[in-house]
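Quick notes on the structure that follows.
Where a number appears in this text, it was derived from the coordinates with a stated rule and is not lab data. Keep in mind that what you see is a predicted model, and the values were worked out from it rather than measured. Neighbour counts are summed over all protein chains in view; Cβ atoms, including those assigned to glycine, are modelled from backbone coordinates with ideal geometry.
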Protein chains: 2
Amino acid sequence: MAAEISSDLLARFAAIVGAKYAISDINDQQPYLKEWRDRYHGRTPLVLLPGSVEEVSAILKLADETGTSIVPQGGNTGLVGGQVPHATGNELLVSLKRLDKVRAADPDSNTLDVEAGVTLQRVQEAADGVGRFFPLSLPSEGSCTIGGNIGTNAGGTGVIAYGNTRDLILGLEVVLPGGRIWHGMRHLRKDNTGYDLRNLFIGAEGTLGIVTAAVVKIFPKPRSVGTAFIGVDSPADALNLLHEARANGGGTVTAFELMPRLGIDFVVRHVSDARDPIAEKYPWYVLLEVSTQSEEGVGDALEGMLMAAYEKGYAGDAVIASSLEQAADFWRLREQLSETQKFEGGSIKHDVSVPIRLVPAFLDKAIAAVEAFIPGCRPLPFGHLGDGNIHFNVSQPVGGDKKEFLAKWEATNEVVHAIVAEFHGSISAEHGIGQAKRALLPGVKDPVEMEMMRAIKATLDPKGIMNPGKVL
Amino acid sequence: MAAEISSDLLARFAAIVGAKYAISDINDQQPYLKEWRDRYHGRTPLVLLPGSVEEVSAILKLADETGTSIVPQGGNTGLVGGQVPHATGNELLVSLKRLDKVRAADPDSNTLDVEAGVTLQRVQEAADGVGRFFPLSLPSEGSCTIGGNIGTNAGGTGVIAYGNTRDLILGLEVVLPGGRIWHGMRHLRKDNTGYDLRNLFIGAEGTLGIVTAAVVKIFPKPRSVGTAFIGVDSPADALNLLHEARANGGGTVTAFELMPRLGIDFVVRHVSDARDPIAEKYPWYVLLEVSTQSEEGVGDALEGMLMAAYEKGYAGDAVIASSLEQAADFWRLREQLSETQKFEGGSIKHDVSVPIRLVPAFLDKAIAAVEAFIPGCRPLPFGHLGDGNIHFNVSQPVGGDKKEFLAKWEATNEVVHAIVAEFHGSISAEHGIGQAKRALLPGVKDPVEMEMMRAIKATLDPKGIMNPGKVL
């Protein structure tokens, strides 16, 4: 890696995008360098905002010729520092924000062509505009971009029914290291002509090239959606409820979110208009969403299923939303879970997954382990039970010292990740590796797999200038 | 590639699996060398039947040390010669048939662990045995293996709802060139820890390594399935019907197959117990399947949707199966379409896809083109309209010379594939490349993509001994 980038070279990069779109002022750079959790602090001589695929190509060509490192960025909402340059100051940041066109919409083929810088919310709106539905949904959807979603293979609450971002992509346009453009904007549901390169770039966090556009799948809108908030005694009961809902819920289970009582306490305490949907308190809650194309809707079936689950003893009190507003209230409880933790002091976070069947045993063991490791700490695991994906967060002891608590971040990670390994799980279910978990990767991956990853990186990015020090 | 494999070396390979499972007798080799269409004729000094992953590993280690080429094979049902060695006689065939264990079934996590040699039908049965459903379905399911399905990313009729084989795989165990084993049998719905290597091996047709086992997704069984046989005037009407069925069919569209009148004529003529489900004759027919988890089933909604489509003018007469037997009769018409073509003389075949919206225009143009190219020929395009995937087959003119007709195979391919290219389609939607389409690949692929594919092949199989001369 070069020590410092000469001002002459910086001028050549700036000339590609034009002075207006080459940001060197440190204050103007802040929106690109500062991420919302304020955990990663990077530095760059230049933020480049290319306005076309050709400009991205010219940037990567010049970067290749001069050995200049490039950090691609979408909406700067990533949680593992993948989108933030290192503090060395010798990496250029390339924001894809100006590539923000919805190029085409084809409701007959159920596809949208979108550029990398289109926000997730605009992708959803573009689908809606042609009477269709784009199922990827994240709390950050107003600012995260589809390019970032693709780079990180974003997950979210719809995965249980529609899969990860990976499963929503038909084609890609990618600028490769060196500047060549792969025109892979295919609109085909079936295409068995050679190796699947598309999935290599999805989730590679910008380390193999820059995704500039994609063909995404869109779907018929559900005719009817039923949303229920249900008290349960344990994650094991929640799992039984999931199977019952899948078999008899009157449609497709499109969300199944597990939340502990402590999380609801936090939200009710810190969000002014939030309230408990159920009078009686339960140790755990499930937010269940069932969608259907049937004209009758899910109403009766959903209610019947919840009654049956109650009688069988694995669901407690439940409320089915009687309006869109009430459904939105349920969802707000879930969505505020992350945000409100900061009002309760430090929070040590994990984003893990295990096979679905093992979630209850994993939770038992991991909760006991962190409670033993930091007496008085408050485990707050929540998330996508239907995908086996738990955001295993731990809030600091009441009245404890925040700094002292957060100093145990890595050590706590070790405790939790050891249990994840025992359950053959993943230490990054949906957030990616970035900078945050790069050092952990060799410890959790099959060495043969690590070697293959390194070989592919060396093949596609032989100079190692694409988002260096991320993932690998 | 070595000229001939010495008998000493052959003995070393045979010793790995034991004499009983190293077949050199040309007659005993026939089940592995002869494929059902009799288009590819290979030769090998030895068919090896390893009984464990370790034996597969030992074979690839010795192959690597000695530069010996290896052709992996599943159920020998492939249509493009990918599983057949070349006639040179210097490639060893490795059949995965003896790796035939269902290692584990986990209905709570909705996963099965299966070895490569388990037939597709046995995978379906294993899912059924734990109250679940494996949606991949092919006419050859009694003999094709899940390993072959993975190697070729098999499609079939369920793709419209469940995706290709690629979409059904969570984890893989792969023996790499050189003999190292990648233990990638993950059971996770979400795992964002690095590059997606799994999809690189799926659909690679054994050119990057040998898949020895997989974790596959299984699904809740549909509670109710409605099957209808519908006459339509045109593919454009069929497409309208598809959208109507998706919106109002009372469930998920799990199959949508288009068939021309000529195909039904062939089946009715040549299959003794086959009969027309509809009295009136239509130029095209649709086989529609709708599945639901709702207790009421699809019955009323499906009928109402067909009535509405009739009134709107894009569906003709229709029959909804009133029994499982009747549904099976409808399916038999569809499944016999390939088989019965051989009773009508030569048939030139294509397996193409285009964006769904463009199927009607593609069919118009391609039918006109082949009729102009071979006067009197009988186009018989059929297949998975919901995936944009058409088996564009062309039967010879009545009373014409079969040999003379089949001599135009490549030239006819050129005519059809040129139109496919114009519509940004694929020349191999689900059958793969194998030997059959290898020469065509550089002509239809983006050169940047070809280069990436070659680079990845060279990285993972530097000696070029894994299924050489296939795909690339």
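Brief remarks on what is shown
- Whether region B:345-434 is rounded, prolate or oblate, judged on the alpha carbon gyration tensor where a/c under 1.5 counts as rounded: prolate
- Reach of B:LYS312 by Cα under 25 Å, taken over lysines that are not fewer than 8 positions away in the same chain: A:LYS221, B:LYS281
- Alpha-carbon centroid distance for the pair region A:373-413 / region B:68-132, whole angstrom: 44 Å
- Filter on A:LYS365/B:LYS101; A:LYS342/A:LYS457; A:LYS365/A:LYS445 - keep pairs with C-alpha separation over 29 Å: A:LYS365/B:LYS101; A:LYS342/A:LYS457
- Those aspartates and glutamates that a straight Cα-Cα span of less than 19 Å connects to A:LYS408, excepting residues fewer than 8 apart in one chain: A:ASP38, A:GLU344, A:ASP351, A:GLU371
- Position A:ALA308, label points 7 Å along Cα→Cβ, spacing to each other copy in nm (shortest first, one decimal): 2.8
- Cα centroid separation, region B:262-324 to region A:156-188 (Å): 36 Å
- Ratio of Rg to Rh over chain A (Cα coordinates, Kirkwood Rh, two decimals): 0.98
- Using a 7 Å Cα-to-Cβ projection, B:ASP265 label spacings across copies, nm, ascending: 7.7
- Taking Cα centre as origin and charging only the Cβ of basic (Lys, Arg, +1) and acidic (Asp, Glu, -1) residues, the dipole magnitude of region A:327-472 rounds to 340 debye.
- Proximal aspartates and glutamates relative to B:LYS61, as straight alpha-carbon distance under 14 Å, when same-chain residues fewer than 8 apart are discounted: B:ASP461
- For the protein assembly as shown, the convex hull spanned by the alpha carbon atoms encloses 169 Å³ per residue.
- Extension reserve of the A:TYR310-A:PHE373 stretch, reckoned as 0.36 nm per residue once the Cα distance is removed: 19.1 nm
- Tensor-based shape of region B:224-338 (alpha-carbon gyration tensor, a/c under 1.5 rounded, otherwise prolate or oblate): oblate
- Shielding by other protein chains, B:247-254, mean Cβ within 10 Å: 4
- Antiparallel DSSP beta bridges within the protein assembly as shown, as percent of all bridges there, nearest 5: 85 percent
- For A:THR227, B:THR145, the sequence from fewest to most other C-beta atoms within 10 Å is A:THR227, B:THR145.
- Sorted shortest first, the separations between the A:GLY142 label point and its copies elsewhere in the assembly read 6.1 nm; each point sits 7 Å from Cα along the Cα-to-Cβ line.
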